Amino acid sequence: MISGLPFDDFRHLVTNVGGADEAARTEAAAVNRHAVERDGPAGEAALISEWLAAWSGRRSGPLKPQIAIFAGTHDLAQHLPADTETVQAFVERCGTGGAAIN
């Protein structure tokens with residue numbers, strides 16, 4: 001029960017958070033492995049998507065976005081190991097829902 005003391009609501013949330021949904025994490029990892037075969041490695045984005053799946057308990061993509069990632073084909077592409085066309089194709093797949101995370 002929440003007593004009204006400072007941070008008591010946070011203590012209550014932390015002690016009742018439960019555990020990660022490992023089945024959701026496993027399913028997200030399988031989706032990421034398939035995406036790596038198709039698109040190449042996603043790096044930290046793949047790990048973030050697996051963490052989000054585990055702690056949200058969702059095995060499919062969110063119906064409403066919870067995070068937003070800026071993706072572009074501007075000057076950043078010059079500093080990536082992939083060529084500009086590959087980066088452009090990846091950004092287009094993100095926009096159409098075909099990337100590891102969308």
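The values are calculated or read from the model by the stated rules, or taken from the named source; none is laboratory data. The structure displayed is predicted, hence computed values, not measured ones. Every residue, glycine among them, receives a Cβ derived from its backbone with ideal geometry; neighbour counts consider all protein chains shown.
Details
- Some residue of region 9-24 being among the β-branched types (Val, Ile, Thr) and surrounded by 13 or more Cβ atoms within 10 Å (Cβ to Cβ): no
- Region 1-39, residues that are under 18 Å from Ala54 (Cβ atoms) and of a type in the set (Val, Ile, Thr): Val14, Val17, Thr26, Val31
- Test: residue in region 79-101 that is part of a helix (DSSP H, G or I), under 15 Å from Ala29 (Cα atoms) and at pLDDT 75 or above: no
- Enumeration of residues in region 1-32 that are in a loop (DSSP other than H, G, I, E, B) and at pLDDT below 90: Met1, Ile2, Ser3, Gly4, Leu5, Pro6, Phe7, Asn16, Val17, Gly18, Gly19
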